[in-house]
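Readers should treat all values here as calculations from the given coordinates under stated rules, not as data from a laboratory. Nothing here was measured: the structure is a model prediction, and the numbers come from that model. Don't worry about glycine lacking a Cβ; one is built from the backbone with ideal geometry, like all the others, and counts go over all protein chains shown.
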Amino acid sequence: MQYSQKVLDHFMKPHNIGTMENPSVTATEGSPACGDQVTFYLKINDDSHVIEDISFQSYGCASNIATASIVTDLVKGKTIEEAKDISWKDATNELDGLPPVKMHCSVLAVDTLRLAIKKYELEKGLKEPEPFSKEAIIEELRSIIYPQAGEDIVTLKMVKYVRLDDDGTVVIDLDIPRFDQNRESVVEEVKEHLEKYPEVKDIQVTLA
């Protein structure tokens with residue numbers, strides 16, 4: 001697998017790695033059982049909302065470590081509003097690219113950052129909790145990268161139908177050919193992403 005020199009540099013000598021004493025907020029996404037996990041620690045100025053310091057711990061491959069490292073560089077010194085605008089594609093571009101099968105690492109790093117910021121905003125009363133909705137499900141599906149293309153399944157139009165029932169049942173119709181070797185892994189990732197929401201009681205995924 002071909003990695004850029006920047007990926008190798010951040011993997012061999014990651015920036016801002018380690019825990020932090022008295023962080024303003026911490027957030028963890030992913031699972032060691034599934035191969036990748038990232039935890040971010042943020043120290044945020046309560047008056048200016050500037051991210052004054054950030055560090056991370058990660059479990060996973062070279063891309064996982066490198067993307068978490070570059071994200072800490074990208075957000076340190078920025079306001080939380082500016083940090084929320086950083087996308088997984090920004091992180092990937094800063095590393096001079098990633099193999100398509102590793103794009104999910106950038107998504108994981110950025111999702112973890114956004115989760116930390118969201119937790120901070122809720123704890124400080126800067127925003128109200130958003131009701132769980134069909135739109136929230138679709139946004140979560142944008143975090144699932146199809147390995148062969150290095151793009152999310154919503155952009156690739158693999159998501160044909162999404163429904164959220166009153167009883168918490170989520171119904172999703174995916175258009176992935178029977179011969180596709182990534183078919184089952186995408187379904188499992190969809191379930192993993194949605195199971196973390198307490199509002200979701202059942203997940204039904206159908207395949208074209």
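Summary table below
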quantity	calculated
Top positive-direction residue, dipole computed over the chain with Cβ charges, set S48, H10, I144	H10
Kirkwood Rh and Cα Rg combined as Rg over Rh, evaluated for region 95-208	0.99
Residues K76, K134, K6, K102, sorted so that the one with the fewest Cβ neighbours within 10 Å comes first	K134, K6, K76, K102
Net length gained if the chain between S185 and D90 were fully extended (0.36 nm per residue, minus Cα distance)	31.7 nm
Order of F179, F132 - criterion: other Cβ atoms within 10 Å of each residue's Cβ, fewest first	F179, F132
Residues D180, D47, D202 arranged by fewest to most Cβ contacts within 10 Å	D47, D202, D180
Debye, to nearest 20: dipole size of the chain, +1 on Lys, Arg Cβ, -1 on Asp, Glu Cβ	460
Ratio of Rg to Rh over region 1-126 (Cα coordinates, Kirkwood Rh, two decimals)	0.96
Candidate lysines - alpha carbon under 30 Å from K191, same-chain residues fewer than 8 apart omitted	K84, K89, K102, K118, K119, K127, K134, K157, K160, K201
Beta bridge orientation in the chain: antiparallel %, DSSP, nearest 5	75
CD proxy at 222 nm, helix term only [per DSSP H run n ≥ 4: -39500 (n - 2.57); per residue of the chain; nearest 500]	-11000 deg cm²/dmol
Extension gain from D202 to T28, taking 0.36 nm per residue of separation minus the Cα-Cα distance	60.3 nm
